[in-house]
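The values are calculated or read from the model by the stated rules, or taken from the named source; none is laboratory data. Computed from a prediction, not measured in an experiment: that's the story for all the values here. Note that we place each Cβ from the backbone using ideal geometry, even for glycine, and neighbour counts take in every protein chain shown. Keep in mind that these areas ignore ligands, DNA and RNA; they rest on the heavy atoms of the full protein, side chains included. Shrake-Rupley method; radii C 1.70, N 1.55, O 1.52, S 1.80 Å.
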Amino acid sequence: MSLAFCGNENNSLAYNVDRGVLNNGCFLDALNVVPHIFLLFITFPILFIGWGSQSSKVHIHHSTWLHFPGHNLRWLLTFILLFVLVCEIAEGIVSDGFTQSLHLHLYMPAGLAFMAGITSIIYYHNIETSNFPKLLLALLFYWVLAFLMKTIKFAKYTEHSVGLRQLRYCITGLLALLYGLLLAVEINVILGRRYLCFTEATEVKPPEDLQDLGVRFLQPFVNLLSKATYWWMNTFITAAHRRPIDLKVIGKLPIAMRALTNYLKLCKAFESQRVKVGPKWIWRALRQAFGRPLIISITFRFLADLLGFAGPLCISGIVHHISKDNRTIQPPLLGVYFISSQEFLANAYVLAVLLFFALILQRTFLQASYYVAIETGINLRGAIQTKIYNKIMRLCTSNMSMGELTVGQICNLVAIDTNQLMWFFFLCPNLWAMPVQIIVGVILLYYLLGISALIGATVIAVLAPVQYFVATKLSQAQKSTLEYSSERLKKTNELLRGIKLLKLYAWEHIFCHSVEETRGKELTSLQTFALYTSISIFMNAAIPIAAVLTTFVVHVHISEEADLSPAVAFASLSLFHILVTPLFLLSSVVRSTVKALVSAQKLSEFFSSDEIGDEQEPNATMPTGPSNHKTIPSGPRNHNNKYQAVVSTQLSHNVLRTLCFLEIITSGYFTWTDGTPTLSNVNIKVPFGQLTMIVGQVGCGKSSLLLAALGEMQRVSGTVTWNIPDDKKSRTRNERKTAPNAPDAKRGSVAYASQKPWLLNATLVENITFEMPMIKPRYKAVIEACSLQPDIDILPQGDQTEIGERGIILSGGQRQRIGVARALYQQTNVVLLDDPFSALDIHLSDHLMQEGIRKLLREEKRTVVLVTHKLQYLPHADWIIAMKDGTIQTEGTLKDIQNSDPKLFEQWKTLMHRQDGEFEKSMTVLERKNLRRAMYSKEASKTEEEHEEESVESEEDDSLSQAMRHRTTIPWRSCGVYLSSAGLLLPLLLLSQLFKHTLMVAIDYWLAHWTSHVITAKMDATGRNCTVAQECGFSHSWYLSVFSVLCCLGIVLCLVTSVAVEWTGLRVAKELHHNLLSKIILAPMRLFETTPLGNILNRFSSDTNTIDQHIPATLECLSRSTLLCVSALGVISYVTPVFLIALVPLAIACYFIQKYFRVASRDLQQLEDSTQLPLLSHFSETVEGLTTIRAFRYESRFRQRLLEYTDANNIASLFLTAANRWLEVRMEYVGTCVVLIAAVASISNSLYNHLSTGLVGLGLTYALMVSNYLNWMVRNLADMEVQLGSVKRINGLLKTEPENYEGLMAASQVPDGWPRQGEIQIQNLSVRYDTTLKPVLKQVNAHISPGQKVGICGRTGSGKSSFSLAFFRMVDTFEGRIIIDDIDIAKLPLQTLRSRFSIILQDPILFSGTIRFNLDPEMKATDDMLWEALEIAQLKPVVKTLPGGLDAMVTEGGENFSQGQRQLFCLARAFVRKSSILIMDEATASIDMATESILQKVVMTAFADRTVVTIAHRVHTILNADLVIVMKRGIILEYDRPQALLEKEDSVFSAFVKADK
């Protein structure tokens, strides 16, 4: 066939110009080439030559600034133009097929126009981002020329009566319109911005975000193509391969997405809706603030869903037209052939190309819908969190203290309820799109199959409520699993906290069994969860098979002439797949909606809870006279002034005995609830620059008085005024400016230290300076006054150490001193200290009083109000307020009170001189020792991690390791560990999955075979003149029965695979937890000392939860999507082997896309999790420290910090969303390419190689499936990789070497009563904590006779505790031996050895359970023995009064008993064991003197015949011992009777005794 522009037939009308050149169709087409050639010639040199040298770009950070107006419209019109041009090319090719020779003019101009269209948009994009408006001239000419040419062509067509019936006429008219619109857009740009012919252009500034170097989230600023394909993310995702993504890399949020912007938008909506009553106001406000983008998302979703139906329709069309030859030749017009749109769409290749474009558009719209919905949800979450925070800042303290609102509830609002609303917004488009999808799907099925389609749809509809029921049951099962897992965690936590005691008493197995028991219950609940999950998975897979089976059975039986061609069969198969999706989503959407309604209700209640005084009330500034408030008003109170703290800055001249007084409260009645007032008729005035002390019994209202002064209490009547003298006024005014939003702006900042110290999760120095600038000398003075230097020296990074949430690593006294240090450091006029000495010992209290309060604060002339129980400090007070039962009993100087109330003064005097014996100097020493131990273990774990390659990754989630990890490889080893734990279930799982997918292919293949035979039979029937195929001997029944059997088998296998996956998951979960617990319980103590407890606990909590619930689901999704893709590609390759050639580049593209995505996705997921923690802890911190923040007037600073945390979390979420969309768009485009190649290849194969039409339908159906499942495969792979991290971390702990529990002797060889005498011989003993560490005891020799009482003393770190641990083989004895009653303890089995001794540890440890269980977990002792032990320990009267006696419950950690009582319980526990050797390791260090003396007596009497080794903290406790051992650096320094050592003046022991007095 020869080639010519106008064709070369001899009788061609194409060259006929008799009626004028313009009346020749070929010449018209040639004329249309001119504009395109012009544009290509003009722009190519500029694009490829000029651009590299031009350098006058506007200097902004991103080259993404879109300058010109009508930008999106231009891109949209260009996309439509390109699509219409493709149609014109296709129309030309199809119409050319009707002639003998090739007519280039039918499609070559359109091809050039397509190239020119692409060139125009690239050219425009470069002009726009480089700000070169003069070059727009070329485009202007092009649009003018193109518009004119198309208009001429259109006019000529109309003249020659070419009408709407001819497709080319429609296309030409459409192109003329598009070129006209693009010309209008161009003119609009030139006139609007005064470009080209104007002398001066309009100056436009780039958006503020693009001027900010920190904004890296460019989705709102890039062009339409980049928006749709997330092209701007390319550099970001590929860069993640080279460098981990952190907050610096992702930068800041654009202004429109920041929490503050969205909060203001929400507030505006709230204000406009607040007037309307009813629970729906919150929804109306959310709709007003965030409804608009949601409507856009829903619109995109509608478009995507409608385009989704193009797949089945095109399959139907392609298969239908392959089996027919429908060409009708029409006479030519204007010398060329014209075809109608029906003929155009009758071409299978045209349908394949249209399907390709429809899929591309559908995927793009779908991803755009997801993105907009998720972005809106994230913006909404940020706004609501900010709204909640601002509400917290104004919350009335009484709500908190009376338990109406707990920290937990508020944190739930932030962590759960805001997320529920966010998820609702994510799923909202589904709510609107699902009904449309279902209705259109059913209509199309009815069109294809008639009444039988409705029956198939009914099957799906009937099973939808079952899905909902299963989903409800699933959430119930999840709830009960959660309850059991929290109980198991509580027990595991106790076990880990008390591991030392359990090992020393050989009770590990008892507690291990208890945890296993709870785990058993949890697993039972998990079984229910797994059962419902497998039912859900089964239904998802089985419902489409059941629906298709039912439909085809009915279809064949209803009518004899049933049309079951491949076109109908495979189109309906695809439609059923589309129809099933919304019905499965239904259950999750309904659940999400219900949860969102509940959350909105909770938020509505929270937002309407009481607030503290509102400063807008005009009369609030006026102080009222005291006479008005003598009585409590009983009438109803106005809500606004309910908690009003009336504040005034009037000058007070109330001078009394040269003291200038600050009047705070006048005739005040205050209450926490609406009942009787807590404080009645209170008048407070405190002297300026002086020390005022408030004293009184516990619960008399001292702390309430301070809070009332700060405006935190509910004021019934009276006034609160802060009168500032002249010299202080200026300072207060300055402070006032710092917090304009504060609810009580008239009062300046007040330094306040609460009774329960409140610390930030920040460094120690940040806790003290508390947002104030660092002034070194002042800071040093404060540290010295609070005696914090020794504590700072212990901390690994000094005062730069992060002290954890609520100061978790510090003791009560240390926390208290930091709280006081903060108050001292602030430069405020007034300092309120609420019982700062409560957790301090006598020496620290004295130091703080002298150096801090009397010296530091007095020198600065600051007004100090101090609440205290330490009456010995009263002489230092300038003014004393004595309280009783919520009123002021008396006030004045100490002398005034001595005169006016001598009885009270005498009472004080006796208390003042009584020695404060509750605490000794040693308490602080002990605190510091504990801190040192905690720090040692933390540091040791860090250094270990640096050395151990294996644990680098194992701890990454605990943010302990900053090392780079193996970022690109999938953790196959962890996958192996997981699957190998499944045991025999693994082969079942693999086989069932393979069989299931083979069967699925078999079902569809059989359908293809059947339908192809239907068509063959019809052709035969036509040939033989039978009216119906059945008459010629064709029967459906054989095909139908095989199809039914295959479908039923498929359904059964779906059930088997879903059960196999879940049961495998359960088996692995059971196995891994059991192994982990067994390993941990037998691990040496070194593991617990070097690994932070939280890390081990995380293995049992979050990691176990991941393995229990998340990995099975991900594994199922991953295996399903992978096998579906593999089977689909297999089927397509079978149908058209040529497809394999095209598969190679597509596979390479997929490999690189998933490789880059997985790394970025993992980093972003971790970043999202890590940015959520500080946000949630900031909320809980704020709630706990509300009074302190408000006293300091730091509300605005904390609000600012919240905005930073929220924005950090939101930007991580947005980048993660954008990364997911980036992946999905690319994978789905690859999928659409698969569809296009498969369609073209199978059409060609069918037309030229006579491939059966059934197989064409099969190939196309599977090609559509690939495009659906490709991105799921990669997403699940990325999730699986993150989740396998849990397996890896648990596996890291499973490699721990256990203690050697076996001995040379068997347990049966050890004598029953051993040790009877309790004789101990220590020979040349050297021990160390680990083979890598130095020895802690060096060649120690000692002999302890039976029944001797031995005391061991020495400084911290001298090896005293190691000495006691050596008896229990808790440390590594590498030299020497210990012989007890003639048996070397190294030969004994560990369990036997430890069960024969008793020990009382320094920290009293009690477990939750009964008193009986705490004394005797092994349940060996009788009640009499237990009561006897309690009587010896002086606890019998205490336990007798408890309900249940021995069966009374002990709360976690023994919190319902005092410290002293807990220590006595430990003594009773040791006595119950009745072993002849008792070791007391600093057992009296943490108890008061009175309890200690009881303990000493008990040991002397009850343990008279036993050997007692006491490791002494206070040397006077071992003065009565038979033998004293003084240790230093692991060796014995002195070894003698205490009397003998005391007689030696130079002995170390006598020096210790002198120091202890």
- request: Be a star and scan the stretch 339-373 for residues whose amide nitrogen sits under 17 Å from the point 7 Å along the Cα-to-Cβ vector of Tyr1248.
  value: 348-350
- line: Extension length gain for Thr202 and Ile451 (0.36 nm per residue less Cα distance), in nm, is 83.1 nm
- request: Work out, step by step, the length gained on full extension between Val462 and His1074: first 0.36 nm times the residue separation, then minus their alpha carbon distance; give nm to one decimal.
  value: 216.1 nm
field: Contour minus Cα-Cα distance for Thr238 and Glu487 (0.36 nm per residue)
entry: 85.2 nm
query: Can you work out D for the stretch 1371-1427 in µm² s⁻¹ from Stokes-Einstein, where Rh is the Kirkwood radius over C-alpha pairs, the temperature is 4 °C and the viscosity is 1.567 mPa s?
result: 90 µm²/s
statement: Note: the stretch 1279-1382, point scatterers on Cα, Debye, no solvent; log10 I/I(0) at q = 0.12, 0.19 Å⁻¹ equals -0.58, -1.07
statement: Descending accessible area (1.4 Å probe), largest on the left, turns Asp1423, Asp878 into Asp1423, Asp878
task: Express the accessible area of the stretch 990-1121 per residue in Å², computed with a 1.4 Å probe while the remaining protein chains stay in the model.
output: 40 Å²
task: Starting from the Cα of Ile510, step 7 Å along the direction of its Cβ; do the same at Met1019; then give the gap between the two resulting points in nm.
output: 8.5 nm
18 Å tail of the calculated P(r), the stretch 493-560, as % of Cα pairs: 66 percent
query: Counting only protein chains, not ligands or nucleic acids, how are Tyr1248, Tyr1205, Tyr532 ordered by accessible area (probe 1.4 Å), most first?
result: Tyr1248, Tyr1205, Tyr532
message: Could you tell me the center-to-center distance, by alpha carbons, between the stretch 156-186 and the stretch 1044-1101 in angstrom?
response: 66 Å
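Could you tell me the calculated FRET efficiency between Val1045 and His557, based on Cβ-Cβ distance and R0 = 22 angstrom, to the nearest 0.05?
Numbers: r = 17 Å, r/R0 = 0.77.
So the FRET efficiency works out to roughly 0.85.
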- line: Shape descriptor, the stretch 1189-1268: equivalent ellipsoid semi-axes (Cα gyration tensor, sqrt 5λ, whole Å, largest first) stand at 59, 9, 5
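What per residue convex hull volume, in Å³, do the alpha-carbon atoms of the stretch 421-512 yield?
For the stretch 421-512, the hull spanned by Cα atoms encloses 151 Å³ per residue.
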field: Separation in nanometres of the label points that stand 7 Å from Cα toward Cβ, at Asn390 and Trp231
entry: 4.0 nm
field: Measure of compaction for the stretch 64-126 (Cα Rg per 2.2 N^0.38 Å)
entry: 1.44
query: Are any of the pairs Lys780/Lys1554; Lys248/Lys602; Lys473/Lys1070; Lys503/Lys1360 more than 25 Å apart by Cα-Cα distance, and if so, which?
result: Lys780/Lys1554; Lys248/Lys602
Semi-axes of the equivalent ellipsoid for the stretch 1141-1238, Cα gyration tensor, largest first, Å: 47, 11, 8
- request: Sort Met1449, Met108 by accessible area with a 1.4 Å probe, largest first.
  value: Met1449, Met108
- prompt: If you take the square roots of the eigenvalues of the alpha-carbon gyration tensor of the stretch 131-234 and sort them as a ≥ b ≥ c, do you get rounded (a/c under 1.5), prolate (a/b over b/c) or oblate?
  reply: oblate
query: If you bin the C-alpha pair distances of the stretch 1215-1370 every 10 Å from 0, what whole percents do you get?
result: 8, 18, 15, 11, 8, 8, 10, 10, 8, 4, 1
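Rounded to the nearest 0.05, what FRET efficiency do Lys1474 and Lys884 give with R0 = 45 Å and r taken as the Cβ-Cβ distance? Could you check?
0.30
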- request: Would you tell me the accessible area of Cys1466, worked out with a 1.4 angstrom probe on the heavy atoms of the protein chains, in Å² to the nearest 10?
  value: 10 Å²
statement: Where a ≥ b ≥ c are root eigenvalues of the Cα gyration tensor, a/c under 1.5 meaning rounded, otherwise prolate if a/b exceeds b/c and oblate otherwise, the stretch 758-840 counts as rounded
